[in-house]
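Engineer: Below is the structure I would like to discuss, written out as structure tokens.
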Amino acid sequence: MNLHHLFFSWFRTIGWLGRFLVATCVGAAFNFAEIFFQEMKAASRAGTHVVDGFEITVCYFGPPASFYPRFLVLLSLLVASLGTLRRSFPRSPVAVLGLSGALMTYVYWWIASYKVFRNLTEADISFINNPEIKQVAYLYQASWLDIGGAAAVVICLILLLERLFDQKTALI
């Protein structure tokens with residue numbers, strides 16, 4: 001049996017919830033890839049450039065605030081996707097732990113965003129319609145894909161916890 005037959009047989013056995021979890025992981029991978037390539041371009045432009053005989057130093061101050069939360073969500077969802085490989089997938093504690101890690105990352109990101117927005121409010125800076133301050137659903141430097149990912153993580157976690165603690169289908 002070659003690799004693609006093994007992959008498709010696994011994909012058939014995980015059910016709709018496993019497919020939804022894997023699709024959420026793929027969405028998080030695209031979301032992280034977007035910011036990763038933006039940061040790679042910004043880092044490659046840093047350094048000393050000569051323009052019209054003048055030396056100009058372009059500084060790079062590191063990744064934005066949303067880089068590491070997106071990375072941690074992707075890692076957590078990869079762990080959760082590895083939980084779908086287990087035979088007892090709907091009751092897999094590995095998948096639940098991975099999704100819990102992703103949810104905790106989103107919660108931490110929202111708390112950190114609240115602190116940023118509170119500081120902006122204390123400085124009398126309106127952040128709601130400010131074009132220089134990127135926020136979606138009060139998540140600092142987020143996109144709608146982040147909000148969709150957070151909703152998908154919550155839905156998957158609720159369904160997996162329901163199946164994990166279901167007494168009728170629990171293994172004896």
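Engineer: Please give the length that would be gained between residue 132 and residue 4 if that part of the chain were fully extended, namely 0.36 nm times their separation in residues minus their C-alpha to C-alpha distance (nm, one decimal).
Structural biologist: Numbers: separation 128, 0.36 × 128 = 46.08 nm, distance 4.62 nm.
Gain on stretching residue 132 to residue 4: 41.5 nm.
Engineer: Given that compact globular proteins tend to follow 2.2 N^0.38 Å, what is the ratio of the alpha-carbon Rg of the stretch 102-172 to that value? Walk me through the numbers on the way to the answer.
Structural biologist: On the way: Rg = 17.4 Å, N = 71, 2.2 N^0.38 = 11.1 Å.
That works out to 1.57 for the stretch 102-172.
Engineer: From the convex hull of the Cα coordinates of the chain, what is the mean projected area in square nanometres?
Structural biologist: On the way: hull surface 60.5 nm².
Result: a mean projected hull area of 15.1 nm².
Engineer: In addition: Where does helix 93-122 land angle-wise versus the long Cα axis of the chain, in degrees 0 to 90, nearest 10?
Structural biologist: Computed tilt is about 30 degrees.
Engineer: As a footprinting exposure proxy, order 166, 124, 146 by other Cβ within 10 Å, with the fewest listed first.
Structural biologist: Details: 166 11, 124 6, 146 22.
Starting with the residue having the fewest Cβ neighbours, the order is 124, 166, 146.
Engineer: Sort the stretch 43-103 into rounded, prolate or oblate with this rule: let a ≥ b ≥ c be the square roots of the eigenvalues of the Cα gyration tensor; rounded if a/c is under 1.5, and if a/c is not under 1.5, prolate when a/b is larger than b/c, oblate otherwise.
Structural biologist: Working: a/c = 9.91, a/b = 4.44, b/c = 2.23.
Note, shape of the stretch 43-103 comes out prolate.
Engineer: Would you calculate the separation in nanometres between label points at residue 37 and residue 59, each defined as 7 Å from the Cα along the Cα-to-beta-carbon direction?
Structural biologist: It works out to 2.9 nm between the two label points.
Engineer: Here's something else I'd like to know. State the three equivalent ellipsoid semi-axes of the stretch 1-58, derived from the C-alpha gyration tensor as the square roots of 5 times its eigenvalues, in descending order and whole Å. If you can, show how the numbers build up before the last one.
Structural biologist: Values: eigenvalues 433, 36, 5 Å².
For the stretch 1-58, the semi-axes come out at 47, 13, 5 Å.
Engineer: Can you give me the long-range amide H partners of residue 140? Hydrogens built in the peptide plane at 1.01 Å from N, cutoff under 5 Å, separation of 5 or more residues or another chain.
Structural biologist: Result for residue 140 returns 113.
Engineer: Another question about this same structure. Given Cβ point charges of +1 (Lys, Arg) and -1 (Asp, Glu) and nothing else, what value in debye, to the nearest 20, does the dipole of the chain about its Cα centre take? Mind showing how you got there, number by number?
Structural biologist: Working: 13 positive and 10 negative charges, 201 e Å.
Rounded to the nearest 20 debye, it is 960 debye.
Engineer: Next up: Measuring from centroid to centroid over Cα atoms, what is the spacing of the stretch 128-150 and the stretch 56-76 in Å?
Structural biologist: 15
None of the figures in this text is laboratory data; all of them are computed from the coordinates on show. These numbers were taken from a predicted model, which means no experiment stands behind them. Every residue, glycine among them, receives a Cβ derived from its backbone with ideal geometry; neighbour counts consider all protein chains shown.
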